[in-house]
1. Which order do you get for His438, His337, His142 if you rank them by accessible area with a 1.4 Å probe, largest at the top?
2. Under the rule of at least 5 residues apart or a separate chain, name every residue whose amide H is placed under 5 Å from the amide H of Val299.
3. Exposed loop sites here are trypsin sites (Lys or Arg not before Pro) in DSSP loop states with at most 11 other C-beta atoms within 10 Å. What is the longest stretch of the chain lacking them?
4. Holding the Cα-Cα limit at 31 Å, pick out from Lys389/Lys436; Lys88/Lys109; Lys109/Lys199; Lys312/Lys389; Lys199/Lys312 the pairs that are longer than that.
5. How big is the accessible area of Cys179 in square angstrom, nearest 10, if you roll a 1.4 angstrom probe over the protein chains?
6. Distance between the C-alpha centers of the stretch 175-245 and the stretch 69-142? Whole Å please.
7. For Gly238, list long-range residues whose amide hydrogen, built 1.01 Å from N in the peptide plane, is under 5 Å from its own amide hydrogen.
8. Nearest 5 is fine: what % of DSSP beta bridges in the chain come out antiparallel, could you say?
Amino acid sequence: MAAVSSMGKMYGLCFHAARQTAGLKASRLLHRRAFRISAVHQQQPFDSSLEKPQFPGASAEFVDNLEFIQPNVISGIPVYRVMDRQGKIINPSQDPQLSKETVLNFYQKMTLLNTMDRILYESQRQGRISFYMTNYGEEGTHIGSAAALEPTDMVFGQYREAGVLMYRGFPLDLFMAQCYANADDLGKGRQMPVHYGCKDLNFVTISSPLATQIPQAAGAAYALKRENLNRAVVCYFGEGAASEGDAHAGFNFSATLECPLIFFCRNNGYAISTPTNEQYRGDGIAARGPGYGMLSIRVDGNDVFAVYNATKEARRRAVAENQPFLIEAMTYRIGHHSTSDDSSAYRSVDEVNYWDKQDHPISRLRHYMTARGWWSEDDERSWRKQSRKTVMEAFERAERRLKPNPELLFTDVYQEMTPGLNKQRDSMWRHVQQYKEHYPLDLYEKQ
């Protein structure tokens, strides 16, 4: 009987402890749920007497006629702009009233990016680097959006946002170092060219697989929301990437978790060689926002002021209201997709020339500055000469620099080298010594 009594007491203690633990877990779970849905419109109390839908999955009314929703129910979304093609402000109330110094900085960054693109593109054609992607025609989307962000905001790029990093202060020497994979490269030569990244500038390293950055950005934005640091995340991608499943995941997570995130779509007309009329049937990318419960806008991506205004307001509200925004910047990819592409196979020279000569973001901003007496032909000649000289000097320094030490192939994964990695490293050095005529180690840094 004593044993039975002892077992009964033990069971009672365990049951009490289990109830306390379960109660604590339930309390935490409810706290987390309350955090996640605090601003969401919750389902109304059920009332069976009301002749209206009570389904928890949507807000709607009953109808008694059979009718399918047309695909163009959201169509013809207007394109917001501030300047016309001649650089004239259309509506003075939308003029961001930026200072002369700020506008000149916009222009100089846009043209410097253009100059860097030309030199690195030519260097790839000469066999000096292995790969390159230009930003021709999309400079306004980079600089306008970057200027509207705070330096502490986190950026997830795709692979055509070099101007964002340049605006944040990434030096030409590091652009060149990355493309040459030399010893100064922050990535230690492990990435293919144009896959930039900089922790100090809050720019997450670019990844080749398409659209992987979209759900990653949603997770980062949710983390920033929980930390309550008054920071936002901006995620860049093209209209082609919006066809990936990762885009759906990122859009839905960010909306349901109420994340301070700006989705910035550069709709440049082509997903490599696939034109938009073969890429989707709806009204672009902005039309998808309402389906996810996101506020959306379509802007003229060749108007740097329109991009700036839209991004600045989206950033302000994303942080203040904890919700995502979708910006679709309409622009045009003047260059080839990459040095692996020949766009003359799928579009005409006349089409490209129109955007290059008639509706270019750089020329539009130059018209604006010239009309105000802020820029002249002499200024243009002097700046173009100076910027080319600056880029060429960085280019020459990068070309002379040694490659990273081969030992770096095996570092930065584990704190201590594993037996497997040690075996691979030893095997590599035996191979290099056996065929040393094929491995010019004098071009690599020593330990």
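1. So the residues, ranked largest to smallest area, are His438, His337, His142.
2. Tyr80, Glu328, Ala329, Met330
3. 1-198
4. Result: Lys389/Lys436; Lys312/Lys389 exceed 31 Å.
5. 10
6. 20
7. Correct list: Arg266.
8. 15
The values are calculated or read from the model by the stated rules, or taken from the named source; none is laboratory data. Fair warning: this is a prediction, and the values are worked out from it, not measured in the lab. Cβ coordinates were reconstructed from backbone atoms using ideal geometry, including for glycine residues, and neighbour counts include every protein chain displayed. Heavy atoms of the whole protein, side chains included, go into the accessibility calculation; ligands, DNA and RNA do not. Shrake-Rupley method; radii C 1.70, N 1.55, O 1.52, S 1.80 Å.
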